[in-house]
1. Only residues that are surrounded by 10 or more Cβ atoms within 10 Å (Cβ to Cβ) and either under 25 Å from Ile74 (Cα atoms) or polar (S, T, N, Q) (or both): list them for the stretch 24-39, please.
2. Considering (1) over 24 Å from Arg9 (Cβ atoms); (2) part of a loop (DSSP other than H, G, I, E, B), say which one Gln53 fails and leave the rest.
3. From the list Thr8, Thr21, Thr76, Thr42, which residue is touching a helix residue (DSSP H, G or I) at 6+ places or on another chain (Cβ under 6 Å) and either surrounded by 10 or more Cβ atoms within 10 Å (Cβ to Cβ) or not hydrophobic (A, V, I, L, M, F, W, C) (or both)?
4. Is there a residue being in contact (Cβ under 8 Å) with a residue 12 or more places away in the chain, of a type in the set (D, E, K, R) and in contact with a Lys or Arg (Cβ under 7 Å, 6 or more places away or on another chain) anywhere in the stretch 44-60?
5. Filtering the stretch 1-39 down to residues that are within 18 Å of the chain's Cα centre (by Cα) and part of a loop (DSSP other than H, G, I, E, B), which residue is farthest from Val70 (Cα to Cα)?
6. Does the stretch 48-67 hold any residues that are of a type in the set (Lys, Arg) and touching a strand residue (DSSP E or B) at 6+ places or on another chain (Cβ under 7 Å), and which are they?
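Read-outs: derived from the displayed coordinates by stated rules, not from any lab. All values reported here derive from a predicted model rather than from experimental measurement. For neighbour counting, all protein chains shown are included, and Cβ atoms are generated from backbone atoms with ideal geometry for every residue, glycine included.
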Amino acid sequence: MPILIYLTRLLLYTRFVKTYTQQKVFLRDGNGVFQPSSKPRTYPAAAPAPSVQSVYAQFERPRKMADILVELGIPTTLA
């Protein structure tokens with residue numbers, strides 16, 4: 001099987017889920033020493049790019065990429 005077809009199938013049939021984590025943040029004080037912030041930061045902090053928001057919004061639970069793309073009317077072939 002050609003590698004491109006293999007990688008495409010791997011992407012389409014893998015289950016994805018939206019995730020996030022908390023990052024510990026360090027801030028520099030007046031003396032130039034880094035101190036831990038009292039508030040963690042959610043990562044990723046930015047919203048996904050507009051071009052992928054409709055896909056990203058579908059991953060509230062584990063789902064195959066192929067199922068999402070079919071529901072959104074996005075082709076799942078390389079043609």
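1. Gln35, Ser37
2. All conditions pass for Gln53, except number (2).
3. On the way: Thr8 fails: touching a helix residue (DSSP H, G or I) at 6+ places or on another chain (Cβ under 6 Å); Thr21 fails: touching a helix residue (DSSP H, G or I) at 6+ places or on another chain (Cβ under 6 Å); Thr42 fails: touching a helix residue (DSSP H, G or I) at 6+ places or on another chain (Cβ under 6 Å).
Of Thr8, Thr21, Thr76, Thr42, the one residue that is touching a helix residue (DSSP H, G or I) at 6+ places or on another chain (Cβ under 6 Å) and either surrounded by 10 or more Cβ atoms within 10 Å (Cβ to Cβ) or not hydrophobic (A, V, I, L, M, F, W, C) (or both) is Thr76.
4. Quick first cut of the stretch 44-60, residues in contact (Cβ under 8 Å) with a residue 12 or more places away in the chain only: 44, 54-56, 58-60.
Next, only the ones that are of a type in the set (D, E, K, R) stay: 60.
The next check asks that each one be in contact with a Lys or Arg (Cβ under 7 Å, 6 or more places away or on another chain); those that pass are 60.
Yes, that holds for at least one residue.
5. Restricting to residues being within 18 Å of the chain's Cα centre (by Cα) and part of a loop (DSSP other than H, G, I, E, B), the top hit is Tyr20.
6. The initial filter retains those residues of the stretch 48-67 that are of a type in the set (Lys, Arg), namely 61, 63-64.
Arg63, Lys64 - these are the residues of the stretch 48-67 that are of a type in the set (Lys, Arg) and touching a strand residue (DSSP E or B) at 6+ places or on another chain (Cβ under 7 Å).
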